[in-house]
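See below for the structure under consideration.
A short reminder: the numbers here are calculations on the coordinates, not readings from a lab. Please read all numbers here as calculations on a predicted model, not as lab measurements. Reconstructed Cβ throughout: ideal geometry from the backbone, glycine too, with neighbour counts over all protein chains shown.
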């Protein structure tokens, strides 16, 4: 069900590791985008947010390894939905396995980024994700009235 | 144009002929004309002469006639005188002595006439003219005869006026014989001077006239027969003239005298004026002196003229002849020229045509001939070509078969001389034709045992019967060769005589040997079949046993010959076997269609009912002429084999079951490993990230209050965390290298290498790196894994050459036998090869991490990948001498390891 967009929920971050969340948010902080991030801590929460609450983030950052409902399941649900499928999904995972890449893209992921271990690299990636998907990338929503 | 010394060109001949003709004609004509002209001239001259003479004659006659007439006028006078004299004679009584002649003369004749009295002796006995006294007329026979004639007659006989020889006075005489015939009385009247003159003039006129008419006459002189010249009283002839005049007088005819020196012709004409009536002969001799010079000159001129004309004519004639001959000869020459060209070989040369019909005919005939010739030549050429081709084929054929066939022609005598051989005799006889002939041919090289055969052969052939024999000969090194030798006598079709012997043959050594071998083989075969330890049957299409070998009989427990003719089913083949198969039907099917069952196995039974398993090979056999000889079945007892097979099968099944289970276990294990790895990587990495993240934040956001040592420790925590992450990555890579699906494909390693070098270009930044890529033949490998290999090897090479001024890295390959050995060589720091065995172990390092970073997993990964490709890897190095890593890839297919769920 359609609900008015919330400015606070431009980025939906679906991640179960609190440390990773902490670090990611820290980085967004530096770009003054912290307030634009909504966190879902597991798959179910993400689904609830998207399908029950009806949030419409501008970009979804999705970890694959999630409790309750797996990242791939969430991805599938998103890309099956007629409306939500337009939302770019960035898979953000520790796994560099080819298999995971294949399945993710197969389900319609718009991007797959491997989480670096080194923090400086990690921070750079986050920044870029924010910049690219928030600023640079065009989405169909941009042309609809807010 | 060829010209032999013996033949002349036609034109020349023609020219000569024409010239000769011309010469002949010209000369002839000239001659004829000249002769004609000459004759004409001469005739003319003669005519003139004749005319002149006739004229002269006539004139003189006329004159004489005139004179005669005149003379006769005095006859009367004289007659009277003589009459008077006769009377006086009579008076004197016939005695002249008594006559007074002087007185008579004076008185009667007034001294005008002289008297003469001629006695019977013709002598003037008495005369008044003393000079004539005793003149003897007897000296003049003519006159004497006249006197004699008139003496015995009577009458008056006047004579002509004549000139006295002595005095030259003219006198007319007359005679009268005395009646007594004793004397002739003569009177002589003296002539008239006037008349003399006139006479003389008349003659002179005549002469002049004659001279005028006839230009040839030089001079004319008229002489009396007394040799006096008329008109010239003083003339006295010289001896020569006298003689000539005498001649004329005597012959009373004219003649000609040619005076050589002066070239004068003198003709003497005798003008016969003798009248027998008169005593005196007043005949004259006319001397005509002709000057032949005018004639000669005229003739000379004529000759010159003629010669000139002749030359001119000849000249013209020669010219004309030349032109004509050339004109005539040209067509011939042209024709000759053209024909020569044709004869020289250019058969297509055209003959230029000529106007003359004969030439045209000739030309067309020649062209026809040439055409035919060309045709014939073409035919001949064709024949020749055909012949050459045929000969060539023949030669080639013979050359081909020289190895085993030969043919030759032998002379008809008993020596067997070789007339010719086609091809080379060496392959068969080991000798050249000359050697063969020299030795004496076959008899010299025939095998002793076959000599009798050869003798028989020769006997037959000499008896004109073609013969064929198989015999052995020795070739040069004593090897025995079998020949199938045919000889045929060749006869001359005309007379049936033998002109030679044509011998041909082929080497049949192999055939003979084969025959022997076949016999032996057949023997052996029989032996073999009999002694074989195989079951050998021959069955008819209905399944009846036509033949069974001894071994088979024993095997099946039957007696010798017991099974012959019996159906194989029911005797050694059970109708239904132990398993319930309808073997009987099968065997009958085989008998009907052996080709469909060349190999089969079925249960057989022995006499005692026990079973055996036999492997059969079935084949329909036909005789040489196609007659079926049954179905040959050769069987091998495979009972034991069968049992072993069964056992094998059972074991195999067991084994397979075990393998399946094991594989299942392994798969299971793999799956577990996969998920383990997966979660490991995930779960191990996250804490490390947290560590590094928080440390970073500490350092960068709260770092002012930290001491150096604190900072240092924090750095260490961070770096260690990163190191651990790298190790985990390495392990993950290793694990991935070890499992995962291999997608083997045919690829070009050099592309992979180039890709890797590109990707590693960051490592080469600011360094002097020389990378050489040699020939890298294509191979079969998983591209990703192979790339991993090169990433590690080249990466290592770059790492360990860091200390060099110029880092030299070589990637190439070489062949070792059938394998392609790839290598990566560097000129880096190298290592002691004694520790090489540790090199490929996980986490083993030969250099301290402080000098050369790394996880120590790279080479383990490389080795795992190479192993998975069925290959092997090894290394060569020495400290400070760089290192070379070698690897070979084995044959490997996609291993089909299923994707881990």
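Rounded to the nearest 10 degrees, the inclination of helix B:451-462 to the longest alpha-carbon principal axis of chain B is 40 degrees. Each of A:53, A:97, B:656, B:79 was scored by other Cβ atoms within 10 Å of its Cβ. Listed from fewest to most, they are B:656, A:53, B:79, A:97.
With contacts taken as Cα pairs under 8 Å at a separation of at least 6 residues, chain A carries a relative contact order of 23 percent. Beta bridges assigned by DSSP with both partners in chain B are antiparallel in approximately 95 percent of cases.
Can you say what percent of the DSSP beta bridges in the protein assembly as shown, counting only those with both residues inside, are antiparallel? Round to 5. If I count the DSSP bridges inside the protein assembly as shown, around 85 percent turn out antiparallel. Peptide A:15-24 has a mean shielding of 3, counted as Cβ atoms of other protein chains within 10 Å of each residue's Cβ. Within segment B:758-878, DSSP assigns beta bridges of which about 60% are antiparallel (rounded to the nearest 5). What FRET efficiency comes out for residue A:86 versus residue B:755 if R0 is 25 angstrom and r is the Cβ-Cβ distance? Round to the nearest 0.05. Calculated transfer efficiency: 0.10. Quick one: go through segment B:471-502 and flag any residue whose amide nitrogen is under 17 Å from the point 7 Å out along the Cα-to-Cβ line of residue B:456. Within reach of a label on residue B:456, which here means backbone N under 17 Å from a point 7 Å along Cα→Cβ, segment B:471-502 contributes B:471-473, B:483-487.
Listed from fewest to most Cβ neighbours within 10 Å, the set B:145, A:95 follows the order B:145, A:95. Between residue B:843 and residue B:381, the simple spin-label model (points 7 angstrom out along Cα→Cβ) gives 10.0 nm.
Relative to the longest principal axis of the Cα atoms of chain B, the long axis of helix B:509-531 makes an angle of roughly 20 degrees.
Note on residue B:324 and residue B:219: the extension gain reaches 32.3 nm, defined as 0.36 nm multiplied by sequence separation minus the Cα-Cα distance.
For helix B:193-213, what angle does its Cα long axis make with the longest principal axis of chain B, in degrees from 0 to 90 and rounded to 10? Compared with the principal axis, the helix lies near 10 degrees. Adding -39500 (n - 2.57) for every DSSP H run of four residues or longer, then dividing by how many residues chain B holds, sets the calculated 222 nm ellipticity at -17000 deg cm²/dmol.
The ranking of B:334, B:363, B:663 from fewest to most other beta carbons within 10 Å of each one's beta carbon is B:663, B:334, B:363. Spacing of the modelled spin labels on residue B:32 and residue B:426, each 7 Å from Cα toward Cβ, amounts to 8.8 nm. Need one word for segment B:678-804: rounded, prolate or oblate. Basis is the Cα gyration tensor (sqrt eigenvalues a ≥ b ≥ c); a/c below 1.5 gives rounded, then a/b vs b/c decides. Oblate, because a/c is 1.5 or more while a/b does not exceed b/c. Legend: calculated FRET efficiency, residue A:70 to residue B:853, from the Cβ-Cβ distance at R0 = 41 Å, rounded to 0.05, equals 0.65. Within the listed set A:16, A:81, A:63, the Gaussian network model of chain A (springs between alpha-carbon atoms below 10 Å) gives the highest mean-square fluctuation for A:81. Using the Cα gyration tensor of chain A, with a ≥ b ≥ c the square roots of its eigenvalues, what is the shape: rounded (a/c below 1.5), prolate (a/b larger than b/c) or oblate (neither)? Rounded, since a/c falls under 1.5.
For segment B:401-458, the square roots of the Cα gyration tensor eigenvalues, ordered a ≥ b ≥ c, give a/c of at least 1.5 with a/b no greater than b/c, which places it in the oblate category.
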